[in-house]
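Peer 1: Dropping the structure in here first, questions after.
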Ligand SMILES: Cc1cc2nc3c(=O)[nH]c(=O)nc-3n(C[C@H](O)[C@H](O)[C@H](O)COP(=O)(O)OP(=O)(O)OC[C@H]3O[C@@H](n4cnc5c(N)ncnc54)[C@H](O)[C@@H]3O)c2cc1C
């Protein structure tokens, strides 16, 4: 059995499979390691993906989609709502089909995919793997760490990957069934009642089912995410059936260093999630593709621009969204209400074809003297 690979990827989430697919397409020998038996299970995600964030990186196949979306309904702390229509804005995926589908594409291009194969350590250029209760060693020229929020690859490569309470959103979610919703509109709810320092979401999977959940900033509240979720769902969907429970963290801090001479961190392992929305699928795929291209260039003795490309395509937006998040953290419910009213004036009842979060945030801030004062020094 071949134990030597040009590139070893640890973790077969969207970031790892996108990396393995890209590297294999470019002719590298690739090993993709996944600790679970079934790729994509358990789902730790609300599965929403905006089309604009993934354009040019991956074509989404119809069989990966649960529900296509045409916009959002935004709710203020006082319960008032407005609707934004945004045709073809994105999808709610089925990650139990999407994740294995992407790994299968990597396999079809020649990558070796091993499941029930957990990386347990790294020594020089060797990954030590616990596979079917035996220990195996695989050597690499380049390593891609795509092992998610609890990444150990980063730590093994000497990087401080710790996330304090200021740098994480704690999320709780359910897959709900037996509800009656408009399946084309995602719902987003702001306010301290359900989501202090974060937001609550409903992403439809069909007319009768949805991913619902909320993310909270642990330094903003002593309340527990599950207790808040229970309260919300009991009030809003009293007859619903809870099909699955999801609990997890979303990083809101980028690492100072996310690559080295012979390794790259991608996706949640590098903390490339959007600090405003918590979305990480798209940046996972983008960073996986960019890392794989860079590794192949280095394999051929050429120079790559991994850090520069990641900065330009991912980190600049994350930095701005982090500043907006810092401002958001300072608001009370009355101020959320103010933001909501301005947002409704700008977007309520409209059909949009492009929504730039930065432009909307700036417009909101500039319309409110209090927000403008708070944001000076943070944003500008
Ligand atoms: C409640 C919740 C809701 C979310 N909702 C959304 C959403 O709606 N939209 C969105 O874009 N993002 C969402 N996210 C974030 C999103 O799930 C992640 O950003 C995304 O999955 C990151 O992809 P990844 O490939 O980097 O990591 P992951 O998807 O976490 O994949 C990492 C893989 O590595 C494997 N692994 C870990 N350690 C090892 C090891 N030692 N050896 C071998 N394999 C290993 C794991 O089993 C896993 O398969 C949500 C997150 C949470 C917690």
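Peer 1: Just give me the residues in region 190-213 being in contact with a helix residue (DSSP H, G or I) (Cβ under 8 Å, 6 or more places away or on another chain) and surrounded by 23 or more Cβ atoms within 10 Å (Cβ to Cβ), in sequence order.
Peer 2: Those that are in contact with a helix residue (DSSP H, G or I) (Cβ under 8 Å, 6 or more places away or on another chain) and surrounded by 23 or more Cβ atoms within 10 Å (Cβ to Cβ): 194, 195, 200, 212, 213.
Peer 1: Kindly indicate which of 72, 17, 52 is outside any loop (DSSP other than H, G, I, E, B), closer than 19 Å to residue 291 by Cα and either touching a residue at least 40 places away in the same chain (Cβ under 8 Å) or within 14 Å of the ligand (Cβ to nearest atom) (or both).
Peer 2: On the way: 72 fails: closer than 19 Å to residue 291 by Cα; 52 fails: closer than 19 Å to residue 291 by Cα.
Going through 72, 17, 52 in turn, just one is outside any loop (DSSP other than H, G, I, E, B), closer than 19 Å to residue 291 by Cα and either touching a residue at least 40 places away in the same chain (Cβ under 8 Å) or within 14 Å of the ligand (Cβ to nearest atom) (or both): 17.
Peer 1: The conditions are (1) surrounded by 18 or more Cβ atoms within 10 Å (Cβ to Cβ); (2) assigned to a loop (DSSP other than H, G, I, E, B), and residue 78 fails exactly one of them. Which is it?
Peer 2: Among (1) surrounded by 18 or more Cβ atoms within 10 Å (Cβ to Cβ); (2) assigned to a loop (DSSP other than H, G, I, E, B), residue 78 violates only (1).
Peer 1: Looking at region 227-245 only, could you name the residues that are within 13 Å of the ligand (Cβ to nearest atom) and surrounded by fewer than 19 Cβ atoms within 10 Å (Cβ to Cβ)?
Peer 2: Passing the criteria: 244, 245.
Peer 1: Go through (1) more than 15 Å from the ligand (Cβ to nearest atom); (2) in the same structural domain as residue 173 (by TED's automatic domain parsing); (3) surrounded by fewer than 16 Cβ atoms within 10 Å (Cβ to Cβ) one by one and return the number of the condition residue 257 breaks.
Peer 2: Unmet for residue 257, out of (1) more than 15 Å from the ligand (Cβ to nearest atom); (2) in the same structural domain as residue 173 (by TED's automatic domain parsing); (3) surrounded by fewer than 16 Cβ atoms within 10 Å (Cβ to Cβ): (2).
Peer 1: Sticking with this one: Answer with yes or no whether residue 151 is surrounded by fewer than 16 Cβ atoms within 10 Å (Cβ to Cβ) and assigned by TED's automatic domain parsing to the domain that holds residue 274.
Peer 2: Answer is no for this residue.
Peer 1: Is it the case, given these coordinates, that residue 10 is crowded, with 22+ Cβ neighbours inside 10 Å and in contact (Cβ under 8 Å) with a residue 24 or more places away in the chain? Walk me through it before giving the result.
Peer 2: Numbers: crowded, with 22+ Cβ neighbours inside 10 Å: yes; in contact (Cβ under 8 Å) with a residue 24 or more places away in the chain: yes.
Considered against the rule, which asks whether it is crowded, with 22+ Cβ neighbours inside 10 Å and in contact (Cβ under 8 Å) with a residue 24 or more places away in the chain, residue 10 comes out as yes.
Peer 1: Could you check how many residues of region 330-340 are touching a helix residue (DSSP H, G or I) at 6+ places or on another chain (Cβ under 9 Å) and closer than 13 Å to residue 80 by Cβ? I'd like the intermediate steps shown before the answer.
Peer 2: Initially, region 330-340 is screened for residues touching a helix residue (DSSP H, G or I) at 6+ places or on another chain (Cβ under 9 Å), giving 330-331, 335-336, 338-339.
Subsequent filtering for residues that are closer than 13 Å to residue 80 by Cβ retains 336, 338-339.
Summing the residues that are touching a helix residue (DSSP H, G or I) at 6+ places or on another chain (Cβ under 9 Å) and closer than 13 Å to residue 80 by Cβ in region 330-340 gives 3.
Peer 1: Something else now. So how many residues does region 124-146 have that are in contact with a helix residue (DSSP H, G or I) (Cβ under 9 Å, 6 or more places away or on another chain) and surrounded by fewer than 17 Cβ atoms within 10 Å (Cβ to Cβ)?
Peer 2: Final tally of qualifying residues: 1.
Peer 1: Here's a check for you: in region 271-284, which residue that is touching a residue at least 60 places away in the same chain (Cβ under 8 Å) and more than 8 Å from the ligand (Cβ to nearest atom) is nearest to residue 50 (Cα to Cα)?
Peer 2: 276
Peer 1: Taking helices (runs of 4 or more DSSP H) that fall entirely within region 241-342, which contain at least 1 residues that are farther than 29 Å from residue 103 by Cα?
Peer 2: Working: elements: 281-299, 306-310, 316-329.
So the answer is 316-329.
Peer 1: Is there a residue being assigned to a loop (DSSP other than H, G, I, E, B) and within 13 Å of the ligand (Cβ to nearest atom) anywhere in region 169-185?
Peer 2: Applying the first criterion (assigned to a loop (DSSP other than H, G, I, E, B)) to region 169-185 yields 178-184.
Adding the requirement that they be within 13 Å of the ligand (Cβ to nearest atom) leaves none.
No, region 169-185 contains no residue that is assigned to a loop (DSSP other than H, G, I, E, B) and within 13 Å of the ligand (Cβ to nearest atom).
Peer 1: How many residues, within region 144-162, are more than 17 Å from residue 8 (Cβ to Cβ) and within 14 Å of the chain's Cα centre (by Cα)?
Peer 2: Qualifying residue count for the region: 2.
Peer 1: Test of understanding: among 8, 39, which residue is under 14 Å from residue 107 (Cα atoms), within 12 Å of the ligand (Cβ to nearest atom) and part of a loop (DSSP other than H, G, I, E, B)? Can you show your working first?
Peer 2: Working: 8 fails: part of a loop (DSSP other than H, G, I, E, B).
Answer to the check: 39.
Peer 1: Same structure, new question: Sort out which residues of region 353-376 are outside any helix (DSSP H, G or I) and under 24 Å from the mean Cα position of the chain (by Cα), and write them in order of number. Give the derivation first.
Peer 2: We begin by selecting, within region 353-376, every residue outside any helix (DSSP H, G or I); these are 353-356, 368, 376.
Residues satisfying the conditions are 353, 354, 355, 356.
The values are calculated or read from the model by the stated rules, or taken from the named source; none is laboratory data. For clarity, every value in this text was computed on a predicted model and none was experimentally measured. We place every Cβ from the backbone using ideal geometry, glycine too, and count neighbours over all the protein chains shown.
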